[in-house]
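Working notes, beginning with the structure itself.
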Amino acid sequence: MKNDEYVIVGKIGAPYGVKGWVKIQSFTDPLENILHYQPWYSANKENQWQEIATESRQVHGQALMAKFTGINNPEEARLLTGKTIAIPRAQLPILKKDEYYWSDLQGLTVVNKEGKTIGTVTSLIETGSNDVLIVKGDKEFAVPYLPGKSILSVDLEKREIHIDWEPI
């Protein structure tokens, strides 16, 4: 599979305990959905996705945890910290019209209502009330993701988001 056929759904966190377990940061909603996707992939040194086998995955209190095959102590687990977790895009549910996965919005060009390019979506954050696009152009700024208000349209084919919002 090509790299664009994968979607990043999480990140490997710090080691937990003495047997090689790690904390998992999930980008899914709800957070525990990441535990149900199989298999997981992570980028190797050549930036190609390769399967990373897990022995176990679980919810532990408020945290998500995983035990990777062949990782048996905190020192080995620490080498995985910060690596992304991806799954094949085909595993994701099909969305309704005008719904998007965050990974589909990252990298899109942001254009204001006057037609001026103001930057590129570098990431998104969840604030509780609404999601926020982090856009980097001459400066970095946050655009509230409010369809019909600040977000006028999303065109995945043209790789553009049109907004009614101006950076301060």
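The values are calculated or read from the model by the stated rules, or taken from the named source; none is laboratory data. For clarity, every value in this text was computed on a predicted model and none was experimentally measured. Here Cβ is always computed from backbone atoms with ideal geometry, including for glycine, and neighbour counts include all displayed protein chains.
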Quiz item: Which of (1) in contact with a Ser or Thr (Cβ under 9 Å, 6 or more places away or on another chain); (2) at negative phi is the odd one out, the single condition GLN62 does not satisfy?
Solution: (1)
Quiz item: Would you say LYS23 is surrounded by 15 or more Cβ atoms within 10 Å (Cβ to Cβ), over 17 Å from the mean Cα position of the chain (by Cα) and at pLDDT 95 or above?
Solution: no
Practice problem: Out of the residues in the range 29-67 that are assigned to a loop (DSSP other than H, G, I, E, B) and of a type in the set (D, E, K, R), state the one that is farthest from ARG78 (Cα to Cα). | Solution: ASP29
Exercise. Determine, yes or no, whether GLY70 is within 16 Å of the chain's Cα centre (by Cα), part of a loop (DSSP other than H, G, I, E, B) and on the phi > 0 side of the Ramachandran plot.
Key: no
Quiz item: Which residues, counting only those in the range 151-166, are surrounded by fewer than 16 Cβ atoms within 10 Å (Cβ to Cβ) and either assigned to a loop (DSSP other than H, G, I, E, B) or modelled with pLDDT under 95 (or both)?
Solution: LEU156, GLU157, LYS158, ARG159, ASP164, GLU166
Quiz item: How many of the residues in the range 73-82 are surrounded by 15 or more Cβ atoms within 10 Å (Cβ to Cβ) and either without any contact (Cβ under 8 Å) to a residue 40 or more places away in the chain or in a loop (DSSP other than H, G, I, E, B) (or both)?
Solution: 1
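Table: residues versus (1) loosely packed, with under 11 Cβ neighbours inside 10 Å; (2) part of a loop (DSSP other than H, G, I, E, B); (3) within 13 Å of the chain's Cα centre (by Cα).
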{"position": "ALA90", "(1), (2), (3)": "yes, no, no"}
{"position": "VAL110", "(1), (2), (3)": "no, no, no"}
{"position": "GLU114", "(1), (2), (3)": "yes, yes, no"}
{"position": "VAL121", "(1), (2), (3)": "no, no, yes"}
{"position": "LEU124", "(1), (2), (3)": "no, no, yes"}
{"position": "SER129", "(1), (2), (3)": "yes, yes, no"}
{"position": "VAL135", "(1), (2), (3)": "no, no, no"}
{"position": "ASP138", "(1), (2), (3)": "yes, yes, no"}
{"position": "VAL143", "(1), (2), (3)": "no, no, no"}
Exercise. Note down all Cβ pairs under 8 Å where the first residue falls in the range 131-143 and is assigned by TED's automatic domain parsing to the domain that holds GLN106, the second is acidic (Asp, Glu), and they're at least six residues apart or on different chains.
Key: VAL132/GLU126; ILE134/GLU140
Self-check item: Flag for LEU64 being crowded, with 20+ Cβ neighbours inside 10 Å and among the hydrophobic types (A, V, I, L, M, F, W, C)
Solution: yes
